[in-house]
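Notes follow the structure.
What follows is calculated from the coordinates using simple rules that are stated; it is not laboratory data. Since the model is a prediction, treat every value here as computed from it, not as a measurement. Here Cβ is always computed from backbone atoms with ideal geometry, including for glycine, and neighbour counts include all displayed protein chains.
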Amino acid sequence: MNKKATLSKNRGDSARNCSRRSFLKLVGTGGAMALLAANPAQAAEAVGRLRKEEAMGVLVDTTLCVGCRSCEAACNKVNALPKPDRSFDDDSVLDQLRDTSPTAFTVVNKYTVSKGVEITRKKQCMHCVEPACSSACIIKAMEKRSNGAVTYRKDLCLGCRYCMVACPFSVPKFEYSKASPFIRKCQFCFERQEQGELPGCVEACPVEALKYGRRPELIEEAGKRIHDTPDAYVHHIYGEHEVGGTSWLYLAGAPFEKLGLPQLSDKDYPELTSGAMGTVPAILLMWPALLAGFHYLSHLKDQAHEERSRHHVSR
């Protein structure tokens, strides 16, 4: 082998060694970061668990609701949402079940619970005490606030939609029709609360079917109503224990599943999903390192082929 070929071979070996070291360094770093991100204790700390006695909430007494949709109109105005095609005075919309959407953060639905008996119920984000959406969001675009609200920061959102998958109430909605889409949902009038004002829907309810206050006090009030008029209510406060507790609580005179509220475990969803969701950041952190590794391996192969070709020519 001549001097030129020897120098070429040495450069090739050096490049391969450097590339191999870089690849191992990348994978090692990615692996360490993934292990940290997948640590259940760290994930639990990141959720920022809020003590239940500190959260504000709303008690919804469906025995008082008259289906007037004043709450819908107020929500639309407070959040500067587009006006719906049909007026808020049009009660015919109650003839079909509706879901919340990127342009309607709350809706009132009518349920026939038995022959001749109809109940109207307001639907919105439940603002869980231990929110699954926040736990699932790897960059904390969903945040549990000190006043009980679960808010969304579009400036942080990656558009992964894990919050939509995680939510047991199917609340977060994605703006599929927009070129730059975001998640949209009820924010519990977070800024109004910060200014000492009532949530828009609560302020607008003409029959006081919505009562705002500290969560423990609302639970006490709900229990008192059940005790005082036991025949008027199902003896259960929906949201007191479901998924670890919610800031929005319901009373009803019929089984809650007949009002479209799902039957859920008392365990909070972050606890139930911590193992599965912990793999998400691990995968996201490892994948760039693996791709970089594949790139290096491909580069090594091409470099080796080039060295063999130059060596063949120099002979």
For segment 106-118, in order, what is each residue's ³J(HN,Hα) by Karplus, 6.51 cos²θ - 1.76 cosθ + 1.60 with θ = phi - 60°, in whole Hz (x at glycine and Pro)?
-> 9, 9, 10, 10, 10, 10, 8, 8, 6, 4, x, 10, 10
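If the chain between THR229 and ASP90 were fully stretched, how many nm would it gain, using 0.36 nm times the residue separation less the Cα-Cα distance? Before the final figure, lay out the partial values.
Working: separation 139, 0.36 × 139 = 50.04 nm, distance 3.26 nm.
Full extension of this stretch gives 46.8 nm more.
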Which ordering of LEU158, LEU94, LEU251, LEU210 is given by a fewest-first count of other beta-carbon atoms within 10 Å?
-> LEU158, LEU94, LEU210, LEU251
Which whole-Hz ³J(HN,Hα) couplings does segment 241-251 yield from phi under the Karplus relation 6.51 cos²θ - 1.76 cosθ + 1.60, θ = phi - 60°, glycine and proline marked x?
-> 10, 3, 6, x, x, 10, 6, 9, 10, 10, 10
By counting other Cβ atoms within 10 Å of each Cβ, how are MET56, MET126 ranked from fewest to most?
-> MET56, MET126
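Using 0.36 nm per residue, how much length does the chain from ARG214 to ALA179 gain when fully extended, once their Cα-Cα distance is taken away?
Numbers: separation 35, 0.36 × 35 = 12.60 nm, distance 3.97 nm.
Fully extending the segment from ARG214 to ALA179 adds 8.6 nm.
Stokes-Einstein at 20 °C, 1.002 mPa s, Kirkwood radius from Cα pairs: D for segment 87-152 in µm² s⁻¹?
Working: Rh = 14.3 Å.
Calculated translational D: 150 µm²/s.
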Length-normalised contact order of segment 55-267, Cα under 8 Å, at least 6 apart, in percent, tallies to 29 percent
Alpha-carbon Debye profile of segment 110-198, log10 I(q)/I(0) at 0.11, 0.22 Å⁻¹ = -0.38, -1.05
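Ranked by Cβ crowding within 10 angstrom, fewest neighbours first, how are THR151, THR229 ordered?
Values: THR151 19, THR229 11.
Going from sparsest to densest Cβ surroundings: THR229, THR151.
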Under the Karplus relation with 6.51, -1.76 and 1.60 and θ = phi - 60°, whole-Hz ³J(HN,Hα) for segment 157-174, x at Gly and Pro, equal 5, 8, x, 6, 6, 5, 4, 5, 5, 6, 5, x, 10, 6, 8, x, 10, 9
Shape descriptors of segment 55-267 over alpha-carbon atoms, Rg and Dmax in angstrom, are 16.6, 53
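Could you sort 129-139, 190-200, 57-67 so that the peptide with the highest average Cβ count within 10 Å comes first and the rest follow in order?
Working: 129-139: 23.8, 190-200: 15.1, 57-67: 20.5.
Ranked from most to least packed, the peptides come out as 129-139, 57-67, 190-200.
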